[in-house]
Amino acid sequence: MPAAGARPGEAPLTDSSVPATGTADRDLHRFIAGLPKAELHVHHVGSASPRIVSELAARHPDSMVPTDPEALADYFTFTDFAHFIEVYLSVVDLIRTPEDVRLLTYEVARDMARQQVRYAELTITPFSSTRRGIDERAFMDAVEDARKAAEAEFGTVLRWCFDIPGEAGLEAAEETTRLATDDRIRPEGLVSFGLGGPEIGVPRPQFKPYFDRAVAAGLRSVPHAGETTGPETVWDALTDLRAERIGHGTSSARDPKLLAHLAEHRIPLEVCPTSNIATRAVRTLEEHPIKEFVRAGVLVTVNSDDPPMFGTDLNNEYAVAARLLDLDERGLADLARNAVEASFLDPAGKARISAEIDAYTAAWPAS
Ligand SMILES: Nc1ncnc2c1ncn2[C@@H]1O[C@H](CCC(=O)c2cccc(C(=O)O)c2)[C@@H](O)[C@H]1O
Ligand SMILES: [Zn+2]
């Protein structure tokens with residue numbers, strides 16, 4: 001039976017690998033569901049729920065994406081990372097008009113608000129839309145319009161990370177950098193600059209000039225690194241791309257010097273446990289290195305990446321982290337505070353969400 005809050009065809013809101021039968025488990029899940037949270041690593045298109053995907057697929061019937069939410073579960077089962085990107089791009093192909101962009105963004109915010117996500121840095125790949133013919137100004141207006149509506153109506157504050165789809169090459173890097181740094185085009189909500197897609201065969205150092213320009217324009221650097229390649233990619237992200245946080249960073253666990261560096265310089269990792277299993281970057285949750293990161297003193301944040309594609313959501317990722325790190329309510333509240341600390345919110349915004357977390361935790365168990 002779907003957990004409370006899940007709609008037909010949508011991912012359950014509980015960690016299906018943990019039998020939530022005991023009172024303690026149920027209480028922990030209830031605590032997570034109400035905990036005010038921030039999310040730092042979640043993709044725009046990758047957040048399209050089955051309901052949104054089927055609505056878009058019905059609008060564009062020539063697409064190969066199933067319209068039936070039930071069939072999507074099979075469609076979203078991946079053999080490896082390359083297969084994941086292939087399926088991801090078929091969903092990207094459904095976003096064809098500014099109205100599609102606005103619908104997606106607004107509905108993603110609604111799903112976040114349901115999980116008590118107060119703040120999210122959403123990774124958007126504008127190149128994918130502009131190269132498909134969506135007018136760049138209409139694209140920016142659509143995301144900004146959705147951002148303002150989401151804040152006013154749901155109370156969820158959204159900020160953007162524009163990422164380069166690495167596999168699409170330097171043309172994509174140039175276009176993404178232009179859109180992110182041109183004052184006449186860049187949207188008000190933009191705070192950071194990223195790099196996604198496959199890492200194998202896509203060396204990070206080639207993107208240095210683009211990250212230099214983005215940083216010079218005041219954007220924060222948050223590339224994916226060490227998701228599907230070794231710790232040397234994380235070092236490249238730190239030295240060449242001036243990374244202030246690392247997307248995934250999973251393979252950092254293989255390099256004790258790197259772990260010590262991340263801990264000493266307070267460079268947070270955006271850990272996405274279920275994603276790593278779904279893309280086969282890590283074999284099993286039990287083998288996930290999140291515990292080693294914490295043991296090494298690294299600032300760990302927990303995130304959902306592409307939640308409906310991976311049959312998860314942020315609440316579920318907190319439940320997974322609670323199991324892997326043996327966390328109680330206090331530990332989970334600390335995890336939520338980590339995300340606030342590692343975010344690019346201003347000090348007042350950080351203080352506001354931290355105070356909410358404190359108040360919620362102090363009042364627990366709610367009557
Ligand atoms: N776990 C992940 N790890 C890494 N990235 C992830 C993850 N999840 C989602 N992404 C997204 O996938 C995009 C990749 C898209 C891409 O490579 C591409 C290549 C060629 C053409 C086009 C196009 O649009 O025409 C796009 C990335 O930019 C990133 O935002
Ligand atoms: Zn990602």
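The values are calculated or read from the model by the stated rules, or taken from the named source; none is laboratory data. A quick note: this is a predicted structure, and the numbers were derived from the prediction, not measured. Every residue, glycine as well, gets a Cβ built from its backbone with ideal geometry; the counts of neighbours run over all protein chains shown.
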Quick one: which of GLU174, GLU151, GLU188, GLU227 is at pLDDT 95 or above, of a type outside the set (A, V, I, L, M, F, W, C) and within 16 Å of ligand 2 (Cβ to nearest atom)? GLU227
Candidates ALA138, ALA172, filtered to the one that is assigned to a helix (DSSP H, G or I), out of contact with any His (no Cβ under 8 Å at 6 or more places or on another chain) and within 10 Å of ligand 1 (Cβ to nearest atom): ALA172
Exactly one condition in (1) more than 23 Å from ARG131 (Cα to Cα); (2) in contact (Cβ under 8 Å) with a residue 60 or more places away in the chain; (3) surrounded by fewer than 20 Cβ atoms within 10 Å (Cβ to Cβ) is false for GLY247; which is it? (3)
Filter result for the condition that a residue is out of contact with any His (no Cβ under 9 Å at 6 or more places or on another chain) and buried (at least 24 other Cβ atoms within 10 Å of the Cβ), over PRO273, PRO308: PRO308
Out of LEU238, LEU195, LEU259, report the one residue that is within 12 Å of ligand 1 (Cβ to nearest atom), buried (at least 19 other Cβ atoms within 10 Å of the Cβ) and at pLDDT 95 or above. LEU195
Only one of these conditions is not met by LYS37: (1) over 30 Å from ASP328 (Cβ atoms); (2) in contact with a Lys or Arg (Cβ under 9 Å, 6 or more places away or on another chain). Which number is it? (1)
Filter result for the condition that a residue is under 18 Å from the mean Cα position of the chain (by Cα) and in contact (Cβ under 8 Å) with a residue 60 or more places away in the chain, over ALA319, ALA333: ALA319
ARG280: passes all of (1) assigned to a helix (DSSP H, G or I); (2) on the phi > 0 side of the Ramachandran plot but (1)
Out of all the residues in region 74-102, which are within 17 Å of THR228 (Cβ to Cβ) and of a type outside the set (S, T, N, Q)? PHE78, ASP80, PHE81, ALA82, HIS83, PHE84, ILE85, GLU86, VAL87, TYR88, LEU89
Restricting region 37-90 to residues that are closer than 22 Å to VAL222 by Cβ and part of a helix (DSSP H, G or I), the one farthest from ligand 2 (Cβ to nearest atom) turns out to be LEU89
Answer yes or no: is there a residue in region 128-138 that is charged (D, E, K, R), over 21 Å from ARG178 (Cβ atoms) and away from ligand 2 (no atom under 16 Å from the Cβ). no
Filter region 209-234 for residues that are assigned to a strand (DSSP E or B) and within 16 Å of ligand 1 (Cβ to nearest atom); the one that is surrounded by the fewest Cβ atoms within 10 Å (Cβ to Cβ) is SER221
Tell me, please, whether a residue that is crowded, with 21+ Cβ neighbours inside 10 Å and within 22 Å of ARG114 (Cβ to Cβ) can be found in region 358-366. no
Scan region 304-315 and give yes if some residue there is more than 24 Å from ARG220 (Cα to Cα), in a helix (DSSP H, G or I) and away from ligand 1 (no atom under 16 Å from the Cβ), otherwise no. yes
Options VAL117, VAL157, VAL108: the member that is surrounded by 23 or more Cβ atoms within 10 Å (Cβ to Cβ), away from ligand 2 (no atom under 16 Å from the Cβ) and at pLDDT 95 or above: VAL117
Of these, LEU122, LEU103, which one is buried (at least 19 other Cβ atoms within 10 Å of the Cβ) and outside any helix (DSSP H, G or I)? LEU122
Collect the residues in region 64-84 that are of a type in the set (A, V, I, L, M, F, W, C), within 16 Å of ligand 1 (Cβ to nearest atom), in contact (Cβ under 8 Å) with a residue 40 or more places away in the chain and surrounded by fewer than 17 Cβ atoms within 10 Å (Cβ to Cβ), keeping them in residue-number order. ALA82
Unmet requirement for LEU327, which otherwise passes all of (1) of a type in the set (A, V, I, L, M, F, W, C); (2) in a loop (DSSP other than H, G, I, E, B); (3) within 16 Å of ligand 1 (Cβ to nearest atom): (3)
